[in-house]
2 protein chains.
Amino acid sequence: MTIKVKYKSDLDTPCLVLDMDILERNLEMMQAAADGAGKNLRPHVKTHKCSSLALKQIEAGAIGVCVAKVSEADSLVKAGLDNILITGPVVTPGKIERLIDLLGLSPNLMVVVDHPANIELLDTALYTKGLSMGVLLDVDVGLNRTGVRPPDALALAGQIVSRAHLRLRGIQAYAGHVQHIQSYDTRKQSSHRCLEGAVRVFREIRASLPTCTIFSASGTGTFDIVLEVAEISELQVGSYVFMDAEYLAIGSADDDTRFVSFAPALRLLTTVISANHKGFVTVDAGLKSLYKDGGKPQVIIPEDSALVYDWFGDEYGRITSTDNSELPSLGSVLELVTSHCDPTINLFDKYYLTRGQEVVGTWPIDLRGCSQ
Amino acid sequence: MTIKVKYKSDLDTPCLVLDMDILERNLEMMQAAADGAGKNLRPHVKTHKCSSLALKQIEAGAIGVCVAKVSEADSLVKAGLDNILITGPVVTPGKIERLIDLLGLSPNLMVVVDHPANIELLDTALYTKGLSMGVLLDVDVGLNRTGVRPPDALALAGQIVSRAHLRLRGIQAYAGHVQHIQSYDTRKQSSHRCLEGAVRVFREIRASLPTCTIFSASGTGTFDIVLEVAEISELQVGSYVFMDAEYLAIGSADDDTRFVSFAPALRLLTTVISANHKGFVTVDAGLKSLYKDGGKPQVIIPEDSALVYDWFGDEYGRITSTDNSELPSLGSVLELVTSHCDPTINLFDKYYLTRGQEVVGTWPIDLRGCSQ
């Protein structure tokens, strides 16, 4: 059964809705910021998992995109995207085989490396297929997740350069641990401090290898801060497209109480399905449609309400009011700005695109579930 | 590219693996428990989201299945399942239309109701289509989520009975809040106490309406406890098929430190993709493949290790050791028992089925993402 939907109020819930006017302003704003500082934009697709939106980012001026996983790159190549960087190491023989198959289709595909054993395995596999591949050295700037620490980075860079089938194109230095620091000034200081080591590494490599031109860094939380770092060549920002309650709550250059540079374009619609109690009502979005991470979502419709969402099991949420105002009635639809948006998006198969109250189309979340 | 996989060690990660021998023992054990007490089994499919496994539960003796959402019921009907109960209210006109379309294909479909407005809307929609539908009265036994409180239940039952197109088949009384109480004795007392009101409601309704025969209750945590309640006619247990770290940690009748009735059949495989630091390694399963809810997952392969998993962002996890023993090397694959299994399953598209180390097939998680 297909229902022709025309208005937001016709949509079945829970579902994800994109305000296209806001989304387009966010895309323009970030591109203008990068352009203004002479930086490239290579947005991270792990946030939105949508090849249609990735193409829109390219149209807006991005030079390429980032993904976290080989399976994401696979879907993007099939959708016609090029210049893809995989931002995590690919280490097992099976996954390296898949990576190299993809490289055959998309010769500009790049991957990060952080370990001698990985460098050897990758180079050997490329030799077998008669291919070469661009790689970035993943430099750990204090996130303590993947990457090599700056003191060990030059030795590893040397190992890459010594391999016939790897082309060292630059470095990646993702400071994930500073992106959500509340105070803008503290975030700025932390960002600059933690990038210092990576900057030195990059300068040294580039001095002896002029083809090493890429310094890929930043997230949404430091997008304007890293514009001041001359060595950084590109921004791998993700969440700015949609924003989420977690990012909206941090300070920005113009307002230390909230992040005003981008506006929330993504909303989750949820319906009141039980209203038998004083003090709360139950809605149809729970753990499986609103990922429990990064604090609470924000209720934005009804506007200016004192309503608060909290999770209540896999399929349900609970709505209460902080000022004892009237609760929404049975069948009412609420709009929420998600908390940490990335994992919530990964729970859905499509976005409904809206302009005002009208639904103007859908985009498949075609990279949903691409975790391999 | 399709790789013919024969062994677990050939699987790309992260992925979900089902140990079929353990799964079959869990199915038999639960069915035998229900049969022994003269109860029906109506397992909750929201846990596994898989029509192939639902059919296996029916083959093993279940009389039907539960789902939380209309879209889940839709997928199951298409897969040939019958006798489906939707365990949450369906309240909006659009969703009621979808429900009634499905009823046309599957006349035994039932739904719970908990509100006069919903009863009226449902009855009117059924009248329009010339259909009637079996419903269960959802009784809130203290979970405080959906359902009507026992003092108001009889009046609502009367309203259902007065409607020409609704057939009151019985009640649902899900005590979700007691399922994970650590102490078996406390859980037993709490379960009996909270069901008392529902039992009285059920007796009263049945006294005047002999066709009201269904009392649907329980979860995995109280499966054996509710067998003692004469009025309960069927168990809507879910997690017993797979078990998870959250359930394995609660006490059971035979062992107050762990849940020994069922064994863990579901495992998540994850690979070490970075190993540059003393004290931890990084694996390829993060928030998007291992849902952060219900405590930490258990590392079970390597066996008897002191390894601990913790989330580290959308795509990564961190493995540490509590006894400073050696950490797994780059490329090693670990097997985890997930924490709260339901939302993690909803992140994947298929299960790999194994017997010992051999991969013997796959099952699509065809209800994945059915949140509407």
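Remarks
- Placing a label point 7 Å from Cα along the Cα-to-Cβ direction at A:Tyr7 gives distances to the equivalent points in the other copies of 6.2 nm, listed shortest first.
- In chain A, the longest principal axis of the Cα atoms and the axis of helix A:20-36 are about 30 degrees apart.
- 222 nm mean residue ellipticity, helices alone, for chain A (DSSP H n ≥ 4; -39,500 (n - 2.57); rounded to 500): -9000 deg cm²/dmol
- Pairs from the list B:Lys6/B:Lys69; A:Lys39/B:Lys296; A:Lys278/A:Lys350; B:Lys78/B:Lys288 with a Cα-Cα gap above 30 Å: B:Lys6/B:Lys69; A:Lys39/B:Lys296; A:Lys278/A:Lys350.
- Residue with peak Gaussian network fluctuation, chain A [Cα springs, cutoff 10 Å], from A:Glu234, A:Glu303, A:Glu246: A:Glu303
- For the range A:350-360, 3J(HN,Hα) per residue [Karplus equation, 6.51 cos²θ - 1.76 cosθ + 1.60, θ = phi - 60°, Hz, x = Gly/Pro]: 7, 9, 8, 9, 10, 10, x, 8, 7, 8, 9
- Chain B: antiparallel DSSP beta bridges as a percent of all, rounded to 5: 50
- Whole-angstrom Cα spans of the range B:116-251 along principal axes, big to small: 50, 29, 23
- Relative contact order for the range A:19-89: 28 percent, from Cα pairs under 8 Å spaced at least 6 residues apart, divided by residue count.
- Kirkwood-type radius of the range B:163-230, with distances r between different C-alpha atoms, in Å: 12.9
- Listed residues A:Gly238, A:Gly80, A:Gly251, most fluctuating in chain A (Gaussian network, C-alpha, under 10 Å): A:Gly80
- Rounded to 10°, Cα long-axis angle of helix B:93-105 versus longest principal axis of chain B: 90
- Amide H contacts of B:Tyr291: B:Thr344, each under 5 Å away and 5 or more positions distant or on a separate chain (H built 1.01 Å from N in the peptide plane; Pro and chain starts excluded).
- Per residue, the convex hull around the alpha carbon atoms of the protein assembly as shown comes to 153 Å³.
- Per residue, the convex hull spanned by the alpha carbons of the range A:197-300 comes to 143 Å³.
- Scaled radius of gyration (Cα, divided by 2.2 N^0.38 Å) that the range B:273-343 gives: 1.03
- Mean projected area (nm²) of the alpha-carbon convex hull when the range A:70-155 is viewed from all directions: 5.7
- Less than 5 angstrom separates the built amide H of A:Asn108 from those of A:Asn83, all sequence-distant by 5 or more or on a different chain.
- Rounded to 0.05, the FRET efficiency of the A:Leu209 and B:Ala60 pair, given R0 = 51 Å and the Cβ-Cβ distance, is 0.20.
- Cα-based Rg of the range A:19-84 normalised by 2.2 N^0.38 Å, two decimals: 1.08
- Across the accessible surface of chain B, with the other protein chains kept in place and a 1.4 Å probe, carbon and sulfur atoms take up 49 percent.
- Within the range B:149-201, the proportion of C-alpha pairs whose separation exceeds 12 Å stands at 69%.
- Principal-axis analysis of the Cα atoms of chain B puts helix B:150-161 at an angle of about 60° to the longest axis.
- Proportion of all alpha-carbon pairs of the range A:5-138 beyond 18 Å (%): 60
- Grouping the Cα pair distances of the range A:231-372 into 10 Å bins from zero gives a pair-distance distribution of 11, 37, 35, 14, 3, 1 percent in increasing distance order.
- GNM flexibility winner over chain B from B:Pro43, B:Pro151, B:Pro343 (Cα, springs under 10 Å): B:Pro151
- When only alpha carbons are used to place a centre, the range B:58-117 and the range A:82-100 end up 43 Å from one another.
- The Cα trace of the range B:99-149 gives Rg and Dmax of 12.2, 36 Å, the first to one decimal, the second as a whole number.
- Length released on extending from A:Arg355 to A:Ala117, taking residue separation times 0.36 nm less the Cα-Cα span: 80.6 nm
- For the range B:339-344, backbone phi angles converted through the Karplus equation (6.51, -1.76, 1.60; θ = phi - 60°) give residue-by-residue couplings of 5, 1, 6, 3, x, 5 Hz, Gly and Pro being listed as x.
- Value of D in µm² per second that Stokes-Einstein yields for chain B, Kirkwood Rh from Cα pairs, at 37 °C (0.692 mPa s): 151
- Relative contact order (%) - the range B:126-187, alpha-carbon pairs under 8 angstrom, separation at least six: 38
- Between the range A:252-309 and the range B:179-248, the Cα center-to-center distance that results, in Å: 33
- Where B:Tyr127, A:Tyr352 fall by accessible area, highest first, once all protein chains stay in place (1.4 Å): B:Tyr127, A:Tyr352
- Entry note, chain B: relative contact order of 21 percent, from Cα contacts under 8 Å with a spacing of 6+ residues.
- Take each residue in B:312-322, count the other chain C-beta atoms within 10 Å of its C-beta, and the mean is 4.
The values are calculated or read from the model by the stated rules, or taken from the named source; none is laboratory data. What you see is a predicted model, and the numbers here were worked out from it, not measured in a lab. Methodologically, a virtual Cβ is constructed for each residue, glycine included, from the backbone with ideal geometry; neighbour enumeration extends over all protein chains shown. Remember, those area values only see protein heavy atoms, side chains included, never the ligands or the DNA or RNA. Shrake-Rupley method; radii C 1.70, N 1.55, O 1.52, S 1.80 Å.
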